[in-house]
Every structure is written in C-alpha cells, then in structure tokens.
Amino acid sequence: MNQTLLENWQDSSWPTIKSSKALGTGDGVIDERTFNTIEVDKLFDAVNHASTIAGQAALYRSLAQPLNELDQIKAKQQAVEELRNNPALKEQLEQIVQQAVPDEKNFYLLLFGEFLGTFGTAREEHEIEGYGYLQYKRGIRFMLELVDQIQSTEAPQSHYLQGIFDKIKAFAESRPYSLMQGPVYITENNIQCKEQRKGLISPAIIFKPRLFKPLLISLFFAAVWALAHFFPTDMFQVSTEAIPTATIFFVPLLLAYYPIVGGFDRDSCIIPLRNEFKKSPAVAETLDALGQLDELLSFIKFSEAFGGSKVLPELVDAPHHRINLQDARNPVLGKQNPDYVGNDFVLEDDKLVLVTGPNSGGKTAFCKTVTQIQLLAQIGCFVPAQSATLTVADRIFYQAPEISHLDDGEGRFGTELKRTKDIFLAATAKSLVVLDELSEGTTFEEKMESSSNVLDGFYRKGNSTILITHNHQLVDHFVAQGIGLPRQVEFANDAPTYKLVAGISRVSHADRVAKKIGFSKEDIDNYLADSQ
C-alpha cells in the first residue's frame, strides 16, 4: 500500500507536491529509470488541474506508483463517470475543494511551521509569528469544516467515492477531531480530549487558543483582593488618589503575563497538539481523501481542456498484456494541439512490434505515447484516443540508451545489457516493455546475435515488447520466422508524416538530417574552404 501524503512529508520542512518516488525495478509498476525516460514530470504537468496541494500530491503519487489491480482501477473509473454524469455532486465537491485551498495552507503551517518567538516577524510562508494561536485556530478550522461539508453532501453511489466520503466522516470519530473541537485538557502527564475526561475529577487546565484568559486574570485579581482583605498592611492600602499612580505597574505585569501565558500555551499545548496531528493516521487518511477527491476532479478538467477525442479506457482481463488504440495522441505534445497526428496501434497475440525508420520520424514520441497512455489508464484517468482497450500491466518498462558510467568497467554495451537483464527478470506475461535500440557499443555481428537472443527471450516470456531500431536486418530476421509486427514511421517527400504504417524502413535519412542541421558533406567542404 502506498504511503499517505502525510507520511511522505514527515521528514520535510514543508509539504511538497512531488514527494512520491517510483519504486525499485520489479517492486512497482514503473521504476525510476522508466519514470524519467517517459517524462512523467511533463505528463503530470499536462494532466494536473488539481487545486489543493493534497490533490496535486495525490495525482503525482498515482503517476509515480500507479495501480496494478483491475478492480481498483475500474472502481476509480466508475467514480469519474459518476462525477461526470452527476453535475450537482460534482459542483458540490468542486466547492468543497475550492474552499479548502486557502485553509489547507493554514493547516500545513500549523503542522510544519517554524515558531519565531514573541517579537519575530514572518517573512516566509512557513514561519509563525507570536505564540501560534491564530495558526492553530485557522488550521483546525480547515479539518473541521471539511468534515462538516462532506457530512452535508449528497451520498455518492460509486464504491470509490463512498470510500473517500467514509474516510472523511470517520475522522469525526477520532481523537484528533475531538481535540480540534475542544475542549482540550492539559494534565500533569498528557493531553486529554473531552471523551477521556468523562467521570474523571483529577485537576486539569483547559486550553483555549487565545492569549486573553478572563478566568486567569480574574483569579489573579481575586488573589490580590484576598491578600488585601485578610492580611491588611500598608502595602495593600491603596487610596483613590493613588490609583492613577498604581496603573503604571500594569504595563510590567502585561510584559510578564504575555510571555508566561503565551509560552506555556505554545510549548505545553499547541506544539504537542500539532505533533500529535502530524503523526495521526486519522489526519493522514483525511488529507489523502481530500487529495483523492481533487484528483478525480482534475481528471475531468484534463479531459475538458485537452481538445479532441478522450476516453476512459476499456480494461479487460487476459493472460498476457494486450493493447488496442485508435487515433492515439501523445498526452503531453497533443494537448490543445489540433494538428497533432494520431495513430492506431494494436498489440495483442503477436506480442512483438518492431518499429523502424529514420531519426526525427516520430518513433520515440510514438512509444512514449503508448507508455504514457498505459500509465494514465492505470491511474483511472482519461486517455487521448477515440477508443482504447487494454489490460492492466503489472510492469511498464522503457529502456533508452544512456551514457555509461566511467567506472562501471563494462562500457556502453555492458551498461545497457545490465538494464535489459533487470527488465527481463522483472517482466511477466502481463508486462509492457519498450526497448529503444539494443546492444549498442559493439560490432554489427555481435549486435545482431545479442539483440536476437534478447528479443527471443522476451517473446518467449509472453509480454508485450516494442523495439525501436535502425537495424532492419534484425527485423528481417524475426519477420522471416513469422514473429512480430513490422512497423515503420512514414515519410512523404523527404518529410515525416508522423504516421506509423506497416513495413520495414530500409533507407537512411542521415544526409537529410545532416543538411537540416548544417553539417552535411557539402557543409563540411564549405567550412574548410572558408577557413583557408
């Protein structure tokens, strides 16, 4: 189970949206290398329409640690559908989320803020002036109002939404909620809520989040009057004429009163209370629930803002990974871009697609489209396509060439082969694997042999494999065996159309690319001629 947002923030000085991390290879749906290669940060920026910090952090966590259970994803889709089909409920939840935005930061200030002391002036969002009374009242108001609003909202029908509502309503039965409602009792040993005080007669101080304490001040003056009445001395015999003079002692009394009372409340009440709230599972679950509500609303806003066709994918169960997309567009590059070229893609029983074509033809962009759509599907979100049918991938891997480490002792070939091995061992028949070239950094003959062995191994494992390659001889080798679907990026009049079509690309556009960037044979000759 994923950590709660509050657990992720425990060691932070302030809540951060991108606090969740991808898990290790084989431990989660995507690992860190895949996370970076398919540019999940950019995908988050494209999808993110959440209003609260909790909502944005929940969305980022979903992308970093997506679901891998069919029932869980379907439940989330049903919640999205309910909100889309029930405008009244959607509007109520949008109002709750929008009202939470300003007070949410006050709650984080209570939990994570830095106290500056009596005379400090706050210059940063995480700094607290004075003794924290204002921050305490604003912070707990955020939680109390959230519960009240959910309790008065129409009950949803979908199981996922019901679960969110139940978590927030359950907070009303928790100790932190009772402490926030008050009164809070400070005893010699601990802090108690009203339920704990039932039937007790032991002494306790009632904490009120304000510096002015009428009872305390009254007790002080009553004590002074009692001393004057029962132990009359010259010290307590004050004439009417002396009262104006006596008032000059009131200011020193205030200077002593403020730091003593304020410091006691801060150190004995507010700080212990905030530490309890910060570590409370009930508080954590409630914040997560708010984030999950905002995330669902973000999915709908993303769908409305994207432009073009969007769909909630149809999720099916199958013994191995399958995917069928019509007019699929890249979620990042295609956003609000009516000219973006969509592609159809089917990978079912064939299990292997071999994509060839010159550089700048769109091979990598297409493979990122497939993996990003698979990832969006597994967080319960809309995907940019006319239709999408797919299975849940237990692992999504994307291997791309990277510069080898100088001290790894294996060179580029060994570094990439290690990565391929890790992917192979972690993949199952229900995995989606994208390989951007194989066996770089060795001879052509060795590259052919190694690449053939690797692809054959993945094919026998039964997962979906997409290979991006310039090596058309490798594609020929598999096609001759009746294995795999050959696909190429289309070019027309020496320019890419960004369509994926059947076939094998056997031509090189190296000279075209060299001319485009000004480094063809003719350009080199001209540079040399100009330098003489």
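The values are calculated or read from the model by the stated rules, or taken from the named source; none is laboratory data. Quantities reported herein were computed from a predicted structural model and do not represent experimental measurements. Cβ coordinates were reconstructed from backbone atoms using ideal geometry, including for glycine residues, and neighbour counts include every protein chain displayed.
Let's see how each residue does on (1) at pLDDT 95 or above; (2) in contact with a helix residue (DSSP H, G or I) (Cβ under 6 Å, 6 or more places away or on another chain):
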{"residue": "Tyr160", "(1), (2)": "yes, yes"}
{"residue": "Ile164", "(1), (2)": "yes, yes"}
{"residue": "Ser174", "(1), (2)": "yes, yes"}
{"residue": "Tyr177", "(1), (2)": "yes, yes"}
{"residue": "Gln192", "(1), (2)": "no, no"}
{"residue": "Leu211", "(1), (2)": "no, yes"}
{"residue": "Pro214", "(1), (2)": "no, no"}
{"residue": "Ile217", "(1), (2)": "no, no"}
Problem set entry | Of all residues making up the range 175-209, the number that are within 16 Å of Gly139 (Cβ to Cβ), assigned to a loop (DSSP other than H, G, I, E, B) and of a type outside the set (Lys, Arg) | 2
Seminar exercise, completed: Considering residues that are touching a helix residue (DSSP H, G or I) at 6+ places or on another chain (Cβ under 6 Å) and part of a helix (DSSP H, G or I), the number found within the range 1-31 is 2
Problem set entry | So Ile483, is it at pLDDT 85 or above, part of a loop (DSSP other than H, G, I, E, B) and in contact with a His (Cβ under 6 Å, 6 or more places away or on another chain) | no
Exercise. Any residue at all in the range 102-110 that is exposed (fewer than 14 other Cβ atoms within 10 Å of the Cβ) and under 26 Å from Ser13 (Cβ atoms)?
Worked result: yes
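Got a sec? Which helices (runs of 4 or more DSSP H) wholly within the range 32-74 have at least 1 residues that are of a type in the set (A, V, I, L, M), in contact (Cβ under 8 Å) with a residue 40 or more places away in the chain and buried (at least 18 other Cβ atoms within 10 Å of the Cβ)? Walk me through how you get there before you give the answer.
Numbers: elements: 32-37, 40-47, 53-64.
Answer list for the range 32-74: 40-47, 53-64.
Quick grid of which residues meet (1) more than 19 Å from Arg210 (Cα to Cα); (2) surrounded by fewer than 19 Cβ atoms within 10 Å (Cβ to Cβ); (3) touching a residue at least 40 places away in the same chain (Cβ under 8 Å):
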| residue | (1), (2), (3) |
| --- | --- |
| Glu94 | yes, yes, yes |
| Phe112 | yes, yes, yes |
| Glu125 | yes, yes, yes |
| Tyr136 | no, no, yes |
| Gln157 | yes, yes, yes |
| Gln162 | yes, yes, no |
Exercise. Among the strands (runs of 3 or more DSSP E) contained in the range 330-407, which hold 1 or more residues that are farther than 17 Å from Phe44 by Cα and touching a Phe, Trp or Tyr at 6+ places or on another chain (Cβ under 7 Å)?
Worked result: 343-347, 352-356
Problem set entry | Subset of the range 415-467 that is acidic (Asp, Glu) and part of a loop (DSSP other than H, G, I, E, B) - its residue that is nearest to Val346 (Cα to Cα) | Glu437
Problem set entry | Pairs, first closer than 21 Å to Ser174 by Cβ in the range 186-205, second part of a loop (DSSP other than H, G, I, E, B) and of a type in the set (S, T, N, Q), C-beta under 7 Å, six or more apart | Thr187/Ser202; Ala204/Thr187
Problem set entry | Residue under evaluation Arg274, criteria (1) in a loop (DSSP other than H, G, I, E, B); (2) in contact (Cβ under 8 Å) with a residue 24 or more places away in the chain, criterion not met | (1)
For this session: Quick one: count up the residues across the range 479-507 that are over 14 Å from Lys363 (Cα atoms), in contact (Cβ under 8 Å) with a residue 12 or more places away in the chain and not charged (D, E, K, R).
Result: 5
